[in-house]
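A short write-up of the structure that comes next.
The values are calculated or read from the model by the stated rules, or taken from the named source; none is laboratory data. The structure displayed is predicted, hence computed values, not measured ones. All Cβ positions, even for glycine, are placed from backbone atoms using ideal geometry, and neighbour counts span all protein chains on display.
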Amino acid sequence: MIKIFRALMSVCPQGEIPFWPLGSFDEYHHWSPHIKVFARARRGMPIKIAPFFAKQTQDAVLTAVRPRGNPMTTHRLTIKELELNISICGQGSPLLLLNGLGGLIRAFDPLRKELVDYTTITFDVPGVGKSQMPRWPMRLPRHADLIAEMLKQLGIDKADVFGVSWGGALAQEFALRYPSMVRRLILAATSAGPVVLVKPADIVDFFGRSKSATLRKQEGPRNSIQTLLHFGVRNGMLTVNPRTYYHQLAALVGWTSLLRLFRLRQRTLILTGDRDTLVQMYNAHILRRTIRRSEVHVLKGEGHFFVVTSARRTAEAIREFLCQQHSDEEPAPMGEIQRIGKR
């Protein structure tokens with residue numbers, strides 16, 4: 001360990017020390033609020049974190065939770081004149097993962113690590129990460145149309161669909177527009193609308209304050225929107241492009257599935273955290289009363305980011321739900337996904 005540390009020191013700029021990465025995401029999440037670097041005099045210069053190793057620390061944390069044994073492949077597909085960045089991982093029946101507001105592909109890494117027995121497909125929605133930014137904001141139905149075309153190009157006729165937060169609204173819209181392509185539906189930390197999950201003013205305030213040195217002192221309560229955004233951006237799970245958030249929020253303006261959910265025939269699992277202050281538990285019970293064949297699973301002690309902070313418990317609930325056998329339902333498809341597009 002000492003030899004490795006000395007090697008790192010040898011390539012650091014003088015007066016800086018490398019920030020040593022912790023062993024797992026759970027450890028990083030637990031300790032990161034308490035980690036401090038104390039300024040010490042070293043050859044008359046203050047000690048600070050080397051920017052290169054600060055970035056390496058973030059990458060190491062995310063690498064620690066990447067699925068092992070089943071290589072993750074990325075593809076670039078052009079769908080309706082938009083280039084999308086798509087990630088496929090694991091082996092088994094297809095499970096489509098739809099991300100929340102500003103969510104990057106890597107936000108699902110902890111969950112995918114626990115679901116290696118499924119072929120998980122996720123992507124950066126238009127404007128997020130490495131996917132092309134549309135010229136104008138897209139409404140939610142158009143996002144659903146893109147997903148349908150993406151699955152067709154991948155050779156997937158039917159899949160289980162998981163959506164969290166903003167992605168949960170998209171999952172509802174997709175299941176309503178393309179019911180034959182959805183076997184089962186899982187909705188996490190989401191609602192039927194028309195509630196706006198995040199106000200544009202919150203985004204402006206967050207990215208305005210993120211440039212100041214007093215950000216950490218102004219974070220606020222643990223489950224506030226500012227704290228959630230800071231947590232996601234700090235860990236490389238949320239985009240830092242404000243325009244992306246405006247586009248996604250515009251997709252939700254005036255949208256609701258409340259008067260259409262009775263049409264859903266898919267068995268549906270609704271996941272919620274009892275400490276979620278952003279999308280409170282009553283939203284899950286509204287969904288439960290509106291969707292005919294649905295059930296609610298409450299994750300005790302969890303807030304809005306339970307898909308990340310409690311990935312194992314989330315995966316267990318998903319697996320138990322998807323493994324249920326029903327005589328009136330088709331078995332999960334096991335066909336091979338067409339690995340097309342540019343790596």
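So the values come out like this:
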| read-out | value |
| --- | --- |
| Test result for Leu264, within 18 Å of the chain's Cα centre (by Cα) and more than 17 Å from Leu98 (Cα to Cα) | no |
| Checking Leu84 against (1) over 28 Å from Glu330 (Cα atoms); (2) surrounded by fewer than 21 Cβ atoms within 10 Å (Cβ to Cβ); (3) modelled with pLDDT of 95 or more; (4) in contact with a helix residue (DSSP H, G or I) (Cβ under 9 Å, 6 or more places away or on another chain), the condition it does not meet | (2) |
| Helices (runs of 4 or more DSSP H) (entirely within the range 241-343) containing at least 2 residues that are among the hydroxyl-bearing types (Ser, Thr, Tyr) and in contact with a helix residue (DSSP H, G or I) (Cβ under 7 Å, 6 or more places away or on another chain) | 242-252 |
| Verdict on Phe231 being modelled with pLDDT under 65, part of a helix (DSSP H, G or I) and not assigned by TED's automatic domain parsing to the domain that holds Leu140 | no |
| Criterion: under 22 Å from Arg319 (Cβ atoms) and modelled with pLDDT of 95 or more - qualifying residue of Leu140, Leu146, Leu111 | Leu111 |
| Residues satisfying the stated conditions in the range 277-326, i.e. surrounded by fewer than 18 Cβ atoms within 10 Å (Cβ to Cβ), polar (S, T, N, Q) and closer than 16 Å to Gln266 by Cβ | Thr290, Gln324, Gln325 |
| The range 87-113, subset of a type outside the set (A, V, I, L, M, F, W, C) and closer than 19 Å to Gln132 by Cα, residue surrounded by the fewest Cβ atoms within 10 Å (Cβ to Cβ) | Ser87 |
| Among (1) modelled with pLDDT under 95; (2) more than 21 Å from Lys113 (Cα to Cα) - the single one Ser257 does not satisfy | (1) |
